[in-house]
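One structure is given below, encoded as structure tokens.
The values are calculated or read from the model by the stated rules, or taken from the named source; none is laboratory data. As the structure is a computational prediction, the values presented were derived from the model and not from experiment. Because the Cβ atoms are built from the backbone with ideal geometry, glycine has one as well, and the counts that use them run over all protein chains shown.
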């Protein structure tokens, strides 16, 4: 789940309240490349009798033979120097990157950087905030359409994120910080099937599993089926998520969940951090 500390629309506390209203009682906040919302979300979880799992969704480039992916990291130590440095390298360049995206768009669209800042509501500006302005200005009908039609990574308006590590190095950094690395919606918006040799490279680096129960994965049934086979053959952790972003996406809290036994495996593997249990769940 994502808050307005990265590319969601709601505060961390409001994300927790929305999750609670949808029946969720254990949740992870996984803002992009930052942990700024943890304390607020944790406090609200405790107030509502929920269990909080600290996490983040990390940006990566491709490694040798492996395409770029987003990596979910759960229960890592946010003060571990190497991972903390890698996350700062990504977030510190966010505003400059988005200024350049807007500058490129201005050749063809009526859009101002101040409007993007207003859309971000105090959070570091990111591409979804640009997409939101494009929707408000009537160029597309939805944020998803903005990404598909205007802001895709192959468009002339795209500016790569700065200083992202390759997927293999970031997996190692997460493990070094005591966290558990899970690839986020690994087959969404693609039509490919991950080769076994690529999987084995990821596993050698320390990958724990895949987020398979996610609405975007349904767009690639063949790829999803193959990853389910890999998960069974290699005894991998399989997670689900809503990938809630507030009003920025249609995804609702609790639409896909992680089985308790899979969460237990994540907690067992983690050495960098612990869940914050609701008082009546503490053991």
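Tabulated data
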| read-out | value |
| --- | --- |
| Failed item, numbered, when residue 168 is tested on (1) over 30 Å from residue 77 (Cβ atoms); (2) part of a helix (DSSP H, G or I); (3) touching a residue at least 60 places away in the same chain (Cβ under 8 Å); (4) touching a helix residue (DSSP H, G or I) at 6+ places or on another chain (Cβ under 7 Å) | (1) |
| Residues of the range 187-196 satisfying the condition of being crowded, with 16+ Cβ neighbours inside 10 Å and out of contact with any helix residue (DSSP H, G or I) (no Cβ under 6 Å at 6 or more places or on another chain) | 194 |
| Exclusive hit being over 21 Å from residue 83 (Cβ atoms) and assigned to a strand (DSSP E or B), set 212, 218 | 212 |
| Residues of the range 1-25 that turn out to be in a loop (DSSP other than H, G, I, E, B) and either under 16 Å from residue 120 (Cα atoms) or in the same structural domain as residue 174 (by TED's automatic domain parsing) (or both), as a count | 14 |
| Hits in the range 72-90 - residues which are buried (at least 20 other Cβ atoms within 10 Å of the Cβ) and either modelled with pLDDT of 95 or more or out of contact with any helix residue (DSSP H, G or I) (no Cβ under 7 Å at 6 or more places or on another chain) (or both) | 72, 73, 74, 75, 76, 83, 87, 90 |
| Among (1) exposed (fewer than 15 other Cβ atoms within 10 Å of the Cβ); (2) within 23 Å of residue 93 (Cβ to Cβ) - the single one residue 138 does not satisfy | (2) |
| Residue, surrounded by the most Cβ atoms within 10 Å (Cβ to Cβ), within the range 221-250, restricted to residues that are in contact with a strand residue (DSSP E or B) (Cβ under 6 Å, 6 or more places away or on another chain) and in a helix (DSSP H, G or I) | 227 |
| Test result for residue 28, in contact with a strand residue (DSSP E or B) (Cβ under 7 Å, 6 or more places away or on another chain), assigned to a helix (DSSP H, G or I) and either at pLDDT below 95 or closer than 25 Å to residue 277 by Cα (or both) | no |
| Flag if residue 51 is at pLDDT below 95, under 30 Å from residue 271 (Cα atoms) and in contact with a strand residue (DSSP E or B) (Cβ under 9 Å, 6 or more places away or on another chain) | no |
| Hits in the range 197-209 - residues which are touching a helix residue (DSSP H, G or I) at 6+ places or on another chain (Cβ under 6 Å) and either more than 27 Å from residue 54 (Cα to Cα) or part of a helix (DSSP H, G or I) (or both) | 199, 205 |
| Checklist (1) at pLDDT below 95; (2) in contact with a strand residue (DSSP E or B) (Cβ under 7 Å, 6 or more places away or on another chain) applied to residue 179, failing item | (1) |
| Matching residues in the range 129-165 - criterion: being in contact (Cβ under 8 Å) with a residue 60 or more places away in the chain, farther than 17 Å from residue 102 by Cβ and part of a loop (DSSP other than H, G, I, E, B) | 163, 164 |
| Any hit, the range 61-76, residues being on the phi > 0 side of the Ramachandran plot and either assigned by TED's automatic domain parsing to the domain that holds residue 185 or touching a strand residue (DSSP E or B) at 6+ places or on another chain (Cβ under 9 Å) (or both) | yes |
